[in-house]
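Contents: one structure, followed by commentary.
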Amino acid sequence: MTRSSRAVRALVTTLAALLTATAAAAPARATPEPKAPRDFVALHSVDPTILHEIRYVTPHNFVGEPVDGYKQPLCILTRPAAEALRTAQRRLLPQGYSLKVYDCYRPQRAVDHFVRWAEDLDDQTMKAEFYPNVDKTRLFADGYIAEKSGHSRGSTVDLTLVKLPACPTRPYHPGEPLTPCFAPKDERFPDDSVDMGTGYDCFDTLSHTLDPRITGVQRANRMLLKTTLEDLGFVNLAEEWWHYTFKPEAYPDTYFDFPVARRSLTGHH
């Protein structure tokens, strides 16, 4: 080997080592967030009159903190579900009521957050309001928490009725005293919803839509919501008076994980 060829080989070796070191030091490129399919829409773009109180972007929920994947207080749904809610709203407004949504599309990462929370038996921060009579060890067995949620398919919504004109409600302050979600309405955390017998996300059998202990005005309110939505193709989950799924679902077997954010809908028309 000549002196010049040895010099070339040494130079090549040095350059290769430098390139390897540079590649190792380069920061990993961030994986872009997934986007919603084109037939997902923001509910307010379909009907701006429907009220929103997206609980999981706030700390006022059974976890006690904003939930993973909720970037903005936005209701995202498949277009057929959103348009059916618009029809329901048009039927309710002349009766003096508005729909109010608590949760719509829910990313899988939010469901994973719920699962981690449920497995942490030491975290009982919100028990006094949301599950006062349920031992946290029972949340999976009793069906309150699961590893998959129909919300992640985009056609399920949690909602209630508000008597118009809607009254503003005060914000929740973390650490404030909590009241059971099934207490009388004037004792529960204030919500401009009509009296449904329990608050939203109340882990209790009183939340079962047709629980016989719910009577009078409370039952009438539940039935107004139920009959209005079922007439338009929604199906109620019997264990939760607030939970409805529009059928047929556009994505019956797909669990999405794009964030609840306007940017997830970027480029949609």
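The relative contact order of the chain, computed from alpha carbon pairs under 8 Å that lie at least 6 residues apart in sequence, is 25 percent. Loop-resident GluC sites (Glu not before Pro) (DSSP state other than H, G, I, E or B) in the range 220-269 with no more than 16 further Cβ atoms inside 10 Å of their Cβ: GLU239.
Going by C-beta contacts inside 10 Å, put LEU74, LEU265 in order with the fewest on the left.
Fewest-to-most ranking of LEU74, LEU265: LEU265, LEU74.
Between amide H atoms placed 1.01 Å from N, distances below 5 Å from TYR97 occur with LEU164, all of them 5 or more places distant or on a separate chain.
Under 5 Å between amide hydrogens, which residues at least 5 positions from ASP103 or on another chain qualify, with H placed 1.01 Å from N in the peptide plane? Amide H neighbours of ASP103: ASP158.
Among residues other than ARG170 with Cβ under 11 Å from its Cβ, the summed charge is -3 (Lys and Arg +1, Asp and Glu -1). Compute the acute angle (0 to 90°) between the alpha-carbon long axis of helix 79-92 and the principal axis of greatest extent of the alpha-carbon atoms of the chain; round to the nearest 10°. Helix 79-92 and the main axis of the chain meet at about 20 degrees. Along the chain, the exposed loop sites are trypsin sites (Lys or Arg not before Pro) outside DSSP states H, G, I, E and B with at most 14 other Cβ atoms within 10 Å, and the longest stretch free of them is 39-147. The distance linking the range 73-89 with the range 143-185 is 18 Å (Cα centroid to Cα centroid, whole angstrom).
Taking a Cβ cut-off of under 14 Å around SER152, the surrounding Lys, Arg, Asp and Glu residues balance to a net charge of -4, with basic ones at +1 and acidic ones at -1.
Taking the C-alpha atoms only, the angle from helix 108-119 to the longest principal axis of the chain is near 70 degrees.
Each principal axis of the Cα cloud of the range 38-265 was evaluated for its coordinate range; sorted largest first, these ranges are 42, 40, 30 Å.
All of the numbers you see were taken from the coordinates with simple rules; none came from a lab. Small disclaimer: the values here were computed from a predicted structure and weren't measured. All Cβ positions, glycine included, derive from the backbone under ideal geometry; neighbour counts span all protein chains shown.
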